[in-house]
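Chemist: Starting off with a structure, shown below.
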Amino acid sequence: MKRMTLPLIIAAALTGCAAQGGERQGNNGHSTNTPAVKVVGEPVNCLPIQSIRESRVRDDWTIDFRTNGNRWYRNTLPNRCNGLGFDRAFSYATSISQLCNVDIITVIVNTGGPGPINRGSCGLGQFTPVELVK
């Protein structure tokens, strides 16, 4: 089986660093600025990688994925992923063409040096189809 490594890095410059954006994150890792959503369907276990167009790290517990057709899926991690909400960058590796709730993400810290540093790893949850509430 061919192994594909597909990094997905969310740059702090695109979403704003927590300290610069005025975002507050308490000791529990939940952000006060995570947008409200309306659930519009049943959760799914996987998303095809080729359909993912964007991802936005909201806090240590929450990642929103935008797919083809401007559909959004919220992934609420089953356990806190320390540092994810601050660093807002992660990578993953998968041997199939889907990102699934059994996959592990790795928080990445960009030090400006020879390469990123892995901060820790966390499991994903299910992908719930949502609409962002404006």
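Chemist: Out of region 84-134, which residues are of a type in the set (Lys, Arg) and out of contact with any Asp or Glu (no Cβ under 8 Å at 6 or more places or on another chain)? It would help to see each step written out before you state the result.
Modeler: At the first step, the residues of region 84-134 found to be of a type in the set (Lys, Arg) are 88, 119, 134.
ARG88, LYS134, listed by residue number.
Chemist: If you don't mind, there's one more thing I want to ask. If you check every pair at least six apart or on different chains, which have Cβ atoms under 8 Å apart with a residue in region 97-111 that is in contact (Cβ under 8 Å) with a residue 24 or more places away in the chain and assigned to a strand (DSSP E or B) first and a residue that is of a type in the set (D, E, K, R) and surrounded by 15 or more Cβ atoms within 10 Å (Cβ to Cβ) second?
Modeler: VAL107/ASP87; VAL107/ARG119; ILE108/ASP87; ILE108/ARG119; VAL109/ASP87; VAL109/ARG119
Chemist: Moving on. If you go through region 58-74, how many residues are farther than 15 Å from VAL37 by Cβ and either of a type in the set (S, T, N, Q) or buried (at least 16 other Cβ atoms within 10 Å of the Cβ) (or both)?
Modeler: The initial filter retains those residues of region 58-74 that are farther than 15 Å from VAL37 by Cβ, namely 60, 68-69.
So of that shortlist, the ones also either of a type in the set (S, T, N, Q) or buried (at least 16 other Cβ atoms within 10 Å of the Cβ) (or both) come out as 60, 68.
The qualifying residues number 2.
Chemist: Go over the candidates ARG74, ARG66, ARG56 one by one and state the one that is under 19 Å from ARG119 (Cα atoms), of a type in the set (Lys, Arg) and either touching a strand residue (DSSP E or B) at 6+ places or on another chain (Cβ under 6 Å) or outside any strand (DSSP E or B) (or both). Lay out the reasoning, then the answer.
Modeler: On the way: ARG74 fails: under 19 Å from ARG119 (Cα atoms); ARG66 fails: under 19 Å from ARG119 (Cα atoms).
On inspection, the qualifying residue turns out to be ARG56.
Chemist: Among the listed residues LEU84, LEU77, LEU99, identify the single one that is farther than 27 Å from LYS134 by Cα, buried (at least 18 other Cβ atoms within 10 Å of the Cβ), touching a Phe, Trp or Tyr at 6+ places or on another chain (Cβ under 7 Å) and not hydroxyl-bearing (Ser, Thr, Tyr). I'd like the intermediate steps shown before the answer.
Modeler: Numbers: LEU84 fails: farther than 27 Å from LYS134 by Cα; LEU77 fails: farther than 27 Å from LYS134 by Cα.
Result: LEU99 is the single residue among LEU84, LEU77, LEU99 that is farther than 27 Å from LYS134 by Cα, buried (at least 18 other Cβ atoms within 10 Å of the Cβ), touching a Phe, Trp or Tyr at 6+ places or on another chain (Cβ under 7 Å) and not hydroxyl-bearing (Ser, Thr, Tyr).
Chemist: On the basis of being of a type in the set (Asp, Glu), closer than 17 Å to SER121 by Cα and touching a helix residue (DSSP H, G or I) at 6+ places or on another chain (Cβ under 9 Å), does ASP103 make the cut? Let's see the steps before the verdict.
Modeler: Details: of a type in the set (Asp, Glu): yes; closer than 17 Å to SER121 by Cα: yes; touching a helix residue (DSSP H, G or I) at 6+ places or on another chain (Cβ under 9 Å): no.
Answer is no for this residue.
Every number here is computed from the coordinates shown, using simple stated rules; none is lab data. These numbers come from a predicted model, not from an experiment. Note: ideal-geometry Cβ built from the backbone for every residue, glycine included; neighbour counts use all protein chains shown.
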